[in-house]
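Asks: First the structure, then my questions, so here it is.
The values are calculated or read from the model by the stated rules, or taken from the named source; none is laboratory data. Please read all numbers here as calculations on a predicted model, not as lab measurements. Every residue, glycine among them, receives a Cβ derived from its backbone with ideal geometry; neighbour counts consider all protein chains shown. For accessibility, only protein heavy atoms count, side chains too; no ligands or nucleic acids. Shrake-Rupley method; radii C 1.70, N 1.55, O 1.52, S 1.80 Å.
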Amino acid sequence: MYKSKKLSRLLAVAVACMSVSCSEPVISQSYRIIFPDLPESWLEILGEASWHTEWVGKDGFLKSAESPPGGKVYVGVRQEWASPVSAWPYWPDKGIRQGVMKPAGAIFPLDVSGSSIRLTWNGGVDAVFFMELATLNSEKRLPHNFNWPRFRELFSGAALPEEILSDPWLADWKTIAAKTAVSGFDSRRISGQKRTSVNLEAPASGPWIGASPFMHTGDWQKDESITLKVSEGVDSYFCPEGVLRCSPGAWVWIKYS
């Protein structure tokens, strides 16, 4: 997540000259955020979520808001700018903090519908990639110059690896953004990041879900031998009893509080 004043200043610089490329201007004092439906497996295991929402305000700085399950969020967005909106689901009653699960998102003004901004799970990838590009602040590769409609088309065709089409979060968007900032965007860079196999016995019975809304549900049973493909960081898996956190060198089982 991106909350620091330094990042806000970088983002303000990155989008200072942005303009909305629409046939008609988008005019609204504020927009209601429409959150996507949670995956059925998330609802089954975790219940309804609270949301941490981030957007670029009318002053060009990053804003945020918290909303409980079923709550409403309204945001004021500067009309001249293309900018990202991100929303992270979290479950404070289970100790699952914001930033653990992958976000939903949108790009303003592409996802404006009347006086609302409609977030999607695929849009979460767009918003995170936008912010990664903005953070790098490359004058030749500012995110407002990026062809977002064409980027989205990549996920509806056969140009990308099947695993990425199935789950875009298997790609390393930070590294892709860094390479894009240096030499421009190349869809061939969108591939699955290196992952390590971790063998263990399931600490509880499923169903199991991951941090990505695109991940298929696992039906592992308690003490069943399983093999997980984990990234270089820490990956989280959730079942009705608790969360399993895994890294290439270790794993830990934590029951919900």
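Asks: How far is helix 121-136 tilted off the main Cα axis of the chain, in degrees rounded to 10, range 0 to 90?
Replies: 60
Asks: I've got another one for you. Measure off, as a whole percent, the carbon and sulfur share of the 1.4 Å-probe accessible area of region 59-154, all protein chains present.
Replies: 47
Asks: Just to confirm, what accessible area per residue do you get for the chain at 1.4 Å probe, in whole Å²?
Replies: Ligands and nucleic acids excluded, the result is 50 Å² per residue.
Asks: Report, in degrees rounded to the nearest 10, the 0 to 90 angle that the Cα long axis of helix 173-183 makes with the longest principal axis of the chain.
Replies: Here the helix axis deviates by roughly 40 degrees.
Asks: For the chain, with only Lys/Arg (+1) and Asp/Glu (-1) charged at the beta-carbon, what is the dipole magnitude about the Cα centre, in debye rounded to 20?
Replies: Details: 27 positive and 27 negative charges, 216 e Å.
Dipole magnitude for the chain comes out near 1040 debye.
Asks: How about region 29-75: which trypsin sites (Lys or Arg not before Pro) there lie in a loop by DSSP and see at most 13 other Cβ atoms within 10 Å?
Replies: Lys72
Asks: Moving on. What label, among [x] 1.04; [y] 1.50; [z] 1.16, belongs to Cα Rg over 2.2 N^0.38 Å computed from the structure on display?
Replies: Entry [x].
Asks: Can I ask one more? For region 183-247, which trypsin sites (Lys or Arg not before Pro) are in a loop by DSSP, counting at most 11 other Cβ atoms within 10 Å?
Replies: Numbers: sites: Arg188, Arg189, Lys194, Arg195, Lys222, Lys229, Arg245; in loops: Lys194, Arg195, Lys222.
Sparse-neighbourhood loop trypsin sites (Lys or Arg not before Pro): Lys194.
Asks: Over the chain, with a Gaussian network built from C-alpha contacts below 10 Å, which listed residue (Val182, Val230, Val128) shows the highest mean-square fluctuation?
Replies: With Cα springs under 10 Å in the chain, the top fluctuation among Val182, Val230, Val128 is at Val182.
Asks: Relative contact order of the chain, please, whole-number percent, based on alpha carbon pairs below 8 angstrom and at least 6 residues apart.
Replies: For the chain, the relative contact order is 15 percent.
Asks: Need the C-alpha centroid separation for region 151-175 versus region 88-123, integer Å.
Replies: If we compute the Cα centre of each part, the gap is 19 Å.
Asks: Ok, one more. Looking only at Leu43, Leu136, Leu160, which one moves most when the chain is put into a Gaussian network model with springs between Cα atoms under 10 Å?
Replies: Leu43
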